[in-house]
Amino acid sequence: GAGVSQSPRYKVAKRGQDVALRCDPISGHVSLFWYQQALGQGPEFLTYFQNEAQLDKSGLPSDRFFAERPEGSVSTLKIQRTQQEDSAVYLCASSLRRGTGELFFGEGSRLTVL
Amino acid sequence: QKEVEQDPGPLSVPEGAIVSLNCTYSNSAFQYFMWYRQYSRKGPELLMYTYSSGNKEDGRFTAQVDKSSKYISLFIRDSQPSDSATYLCAMRNDYKLSFGAGTTVTVRA
């Protein structure tokens with residue numbers, strides 16, 4: 001596709017459920033990022049991949065959050081035992097170069113935890 | 001205190017007015033300064049990207065960076081209703097972006 005694609009666009013989960021959010025970056029993009037955007041706030045960094053290597057996961061809020069990019073293209077952000085405070089928009093972004101250059105964002109996956 | 005501070009507004013202006021947005025920051029390590037536009041239920045899209053102090057102009061948009069004061073600005077001239085969106089400032093040190101909270105702008109026709 002022409003841009004970064006995220007699915008699902010909307011997800012409602014009951015507290016305690018596990019969720020998986022998918023990101024298809026722009027083809028050939030080396031760098032992939034996940035950001036979390038709470039209502040009325042700017043995006044906050046979660047994690048960074050360079051190809052299949054997760055180089056930085058310092059922004060993941062807890063050990064319930066896990067991200068992977070096993071083949072260096074598609075990435076999945078998994079949240080286990082969801083809590084209400086996990087409700088947010090999860091944005092994926094990709095960049096052609098290693099760690100620099102323009103970031104192209106997807107439209108996000110809006111997670112609501114009831 | 002957050003690394004990047006941005007007045008969330010909201011800001012409402014008539015069509016044709018100049019929109020003035022700004023952010024302050026505390027981390028001297030920031031090297032790159034950006035403005036993103038985010039429409040409702042969409043992802044952020046890059047508007048302006050600057051590296052050094054000074055002004056950068058692109059059409060109706062002007063970005064200013066003052067590293068000595070740790071202050072950046074975005075001006076939108078001849079604002080249009082289609083400019084109604086949330087504007088996010090962002091700053092980068094290495095690969096990680098730090099965003100402001102965003103200012104919601106409405107341009108009234």
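The values are calculated or read from the model by the stated rules, or taken from the named source; none is laboratory data. The shown structure was predicted, so the numbers you read here are calculated from the model rather than taken from an experiment. Here Cβ is always computed from backbone atoms with ideal geometry, including for glycine, and neighbour counts include all displayed protein chains.
When restricted to residues that are surrounded by 16 or more Cβ atoms within 10 Å (Cβ to Cβ), over 13 Å from B:GLY43 (Cβ atoms) and facing chain B (nearest Cβ under 8 Å), the stretch A:28-43 contains 2. Scanning the stretch B:57-84 for residues being at positive phi and either surrounded by 17 or more Cβ atoms within 10 Å (Cβ to Cβ) or modelled with pLDDT under 95 (or both) gives a total of 1. Only one of A:THR82, A:THR47, A:THR112 is surrounded by fewer than 17 Cβ atoms within 10 Å (Cβ to Cβ) and either more than 11 Å from chain B (Cβ to nearest Cβ) or free of Cβ contacts under 8 Å to residues at least 40 places away in the same chain (or both). Can you tell me which? It is A:THR112. When the residues of the stretch A:85-95 are filtered to those that are within 13 Å of chain B (Cβ to nearest Cβ) and among the aliphatic types (A, V, I, L, M), the one that is surrounded by the fewest Cβ atoms within 10 Å (Cβ to Cβ) is A:VAL89. In the stretch A:79-88, is there at least one residue being closer than 21 Å to B:TYR36 by Cβ, modelled with pLDDT of 95 or more and outside any loop (DSSP other than H, G, I, E, B)? Scanning the stretch A:79-88, I find at least one residue that is closer than 21 Å to B:TYR36 by Cβ, modelled with pLDDT of 95 or more and outside any loop (DSSP other than H, G, I, E, B), so the answer is yes. Evaluate the following for A:SER62: is it away from every other protein chain (no Cβ under 14 Å), surrounded by 14 or more Cβ atoms within 10 Å (Cβ to Cβ) and not in a strand (DSSP E or B)? Against the criterion (away from every other protein chain (no Cβ under 14 Å), surrounded by 14 or more Cβ atoms within 10 Å (Cβ to Cβ) and not in a strand (DSSP E or B)), A:SER62 does not qualify.
Filtered by the rule that a residue be within 14 Å of another protein chain (Cβ to nearest Cβ) and in a loop (DSSP other than H, G, I, E, B), the stretch B:26-63 gives B:ASN27, B:PHE30, B:GLN31, B:TYR39, B:SER40, B:ARG41, B:LYS42, B:GLY43, B:PRO44, B:TYR51.
Of all residues being more than 23 Å from A:GLN41 (Cβ to Cβ) and in contact with a Ser or Thr (Cβ under 7 Å, 6 or more places away or on another chain) in the stretch A:65-79, which is nearest to the other protein chains (Cβ to nearest Cβ)? Just the residue, please. Result: A:ARG69. Considering the stretch B:81-109, and only residues there that are away from every other protein chain (no Cβ under 11 Å) and charged (D, E, K, R), the residue that is farthest from A:LEU91 (Cα to Cα) turns out to be B:ARG108.
For A:ARG110, the requirement of being under 30 Å from B:GLY9 (Cβ atoms) and not in a loop (DSSP other than H, G, I, E, B) is met.
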